[in-house]
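Structure record follows, encoded as structure tokens.
The values are calculated or read from the model by the stated rules, or taken from the named source; none is laboratory data. Just so we're clear, the structure is a prediction, and the values are computed from it rather than from any experiment. With ideal geometry, Cβ positions are generated from the backbone for all residues, glycine too; neighbour counts draw on all protein chains shown. Each accessible area value is taken on the protein alone, full model and side chains, heavy atoms only, with ligands, DNA and RNA left out. Shrake-Rupley method; radii C 1.70, N 1.55, O 1.52, S 1.80 Å.
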Amino acid sequence: MSVDSPEQLERLRRAGALAARVLAAVREAVVPGVGTGELDALAAEVMRAARGRSAPILTYGFPGAICISVGDEVVHGIPGPRRLKAGDLVKLDVAVELDGYFGDTATTVAVQPDAAADARLIAATRAALARGMAATTSGTSLREVGGTIERIAEARGFSVLRELVGHGIGRGLHEPPTVYNYAEAGARERLHEGLVLTIEPMLTTGTRRVASTGDGWTVVTSNGAAAAHEEHTIVVTAGEPIVLTAAA
């Protein structure tokens, strides 16, 4: 989607703000012993209170209001009876629909006490997100954005999971273009002002590949290594992007 009017931008801001609010509420509730199903119920309640809807349910019939992935699970983990324990690396991925517009955001939380290696992985993923967003100025190619993200990851000793990408968003959850987290040779499209995207690096150690699980949803690292995921929805400008899912 490209933003064509102040009204569209305001509606996108509202959807992004709701996604950020849901993520903040769930993140605060991540403690040892909490069930992922309980976290999902909290997310659903915050959405309902704002008259928003779960984008994964609405778009794909996903069996949860949000995606909660633990350890080597990268994305699309299904909430359920699992209880978190100290040291778990938890990916919280929140996508909402509000009044016909979508917002998508994610973060990784280490259940305390956390391991130093996990803290480094999270820090590297957040740095890759920040630098990737900073690179999304009008006129820049998607290849350049992806290359920026991967350089940050590799400089810190981590790998980008190349089969997982960011995407356009706006009136639908997943829209063109594909936003690679590496310098994909064919990603020559140049960004323009008003384009709405997600930037979402997913990092791990020792592999660039992922695998599917038997539940039909959850994606894991191919080597069993822990993974981290950070994401924001942004609007491209001639300078710094507008971050629609920034915490208030």
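Go through ALA247, ALA225, ALA238, ALA183 for me and flag whichever is in contact with a Gly (Cβ under 6 Å, 6 or more places away or on another chain) and either free of Cβ contacts under 8 Å to residues at least 24 places away in the same chain or open to solvent by 30 Å² or more (accessible area, probe 1.4 Å) (or both). Reasoning before the result, please.
Details: ALA247 fails: in contact with a Gly (Cβ under 6 Å, 6 or more places away or on another chain); ALA225 fails: either free of Cβ contacts under 8 Å to residues at least 24 places away in the same chain or open to solvent by 30 Å² or more (accessible area, probe 1.4 Å) (or both); ALA238 fails: in contact with a Gly (Cβ under 6 Å, 6 or more places away or on another chain).
Being in contact with a Gly (Cβ under 6 Å, 6 or more places away or on another chain) and either free of Cβ contacts under 8 Å to residues at least 24 places away in the same chain or open to solvent by 30 Å² or more (accessible area, probe 1.4 Å) (or both) holds for just one of ALA247, ALA225, ALA238, ALA183, which is ALA183.
Might you check whether a residue that is open to solvent by 10 Å² or more (accessible area, probe 1.4 Å) and under 18 Å from THR233 (Cβ atoms) occurs anywhere in the stretch 33-41?
Quick first cut of the stretch 33-41, residues open to solvent by 10 Å² or more (accessible area, probe 1.4 Å) only: 33-34, 37-38, 40-41.
Applying the additional criterion that residues be under 18 Å from THR233 (Cβ atoms) yields none.
Within the stretch 33-41 (the criterion being open to solvent by 10 Å² or more (accessible area, probe 1.4 Å) and under 18 Å from THR233 (Cβ atoms)), the answer is no, since none of the residues qualifies.
Please count how many residues of the stretch 71-87 are surrounded by fewer than 19 Cβ atoms within 10 Å (Cβ to Cβ), touching a helix residue (DSSP H, G or I) at 6+ places or on another chain (Cβ under 9 Å) and either without any contact (Cβ under 8 Å) to a residue 40 or more places away in the chain or not charged (D, E, K, R) (or both).
3
Restricting attention to the stretch 117-139, does a residue exist that is open to solvent by 50 Å² or more (accessible area, probe 1.4 Å), modelled with pLDDT of 95 or more, farther than 25 Å from VAL94 by Cβ and not polar (S, T, N, Q)?
No, that holds for no residue.
Among the listed residues THR198, THR218, THR148, which satisfies the condition of being without any contact (Cβ under 8 Å) to a residue 24 or more places away in the chain, polar (S, T, N, Q) and buried (at least 17 other Cβ atoms within 10 Å of the Cβ)? Working first, answer last.
Details: THR198 fails: without any contact (Cβ under 8 Å) to a residue 24 or more places away in the chain; THR218 fails: without any contact (Cβ under 8 Å) to a residue 24 or more places away in the chain.
When all the criteria are applied, what remains is THR148.
When you go through ARG171, ARG188, ARG208, ARG162 one by one, which is the residue that is open to solvent by 50 Å² or more (accessible area, probe 1.4 Å), touching a Phe, Trp or Tyr at 6+ places or on another chain (Cβ under 6 Å), assigned to a loop (DSSP other than H, G, I, E, B) and not hydrophobic (A, V, I, L, M, F, W, C)?
Numbers: ARG171 fails: touching a Phe, Trp or Tyr at 6+ places or on another chain (Cβ under 6 Å); ARG188 fails: touching a Phe, Trp or Tyr at 6+ places or on another chain (Cβ under 6 Å); ARG208 fails: touching a Phe, Trp or Tyr at 6+ places or on another chain (Cβ under 6 Å).
Within the list ARG171, ARG188, ARG208, ARG162, the selection yields ARG162.
Out of the residues in the stretch 105-114 meeting the condition of being in contact with a helix residue (DSSP H, G or I) (Cβ under 9 Å, 6 or more places away or on another chain) and open to solvent by 10 Å² or more (accessible area, probe 1.4 Å), tell me which one is modelled with the lowest pLDDT. Working first, answer last.
Going residue by residue through the stretch 105-114, those that are in contact with a helix residue (DSSP H, G or I) (Cβ under 9 Å, 6 or more places away or on another chain) are 105-110, 114.
Next, only the ones that are open to solvent by 10 Å² or more (accessible area, probe 1.4 Å) stay: 109-110, 114.
Details: VAL109: 97, ALA110: 96, ASP114: 76.
The extreme case among them is ASP114.
Kindly indicate which of LEU23, LEU9 is among the aliphatic types (A, V, I, L, M) and either under 25 Å from THR205 (Cα atoms) or surrounded by fewer than 24 Cβ atoms within 10 Å (Cβ to Cβ) (or both). Please lay out each step first, then the result.
On the way: LEU23 fails: either under 25 Å from THR205 (Cα atoms) or surrounded by fewer than 24 Cβ atoms within 10 Å (Cβ to Cβ) (or both).
Checking each option against the conditions leaves just LEU9.
Which residues, taken from the stretch 51-70, are among the hydrophobic types (A, V, I, L, M, F, W, C) and open to solvent by 30 Å² or more (accessible area, probe 1.4 Å)?
To start, the set of residues in the stretch 51-70 that are among the hydrophobic types (A, V, I, L, M, F, W, C) comprises 55, 57-58, 62, 65-68, 70.
The answer is ILE57, LEU58.
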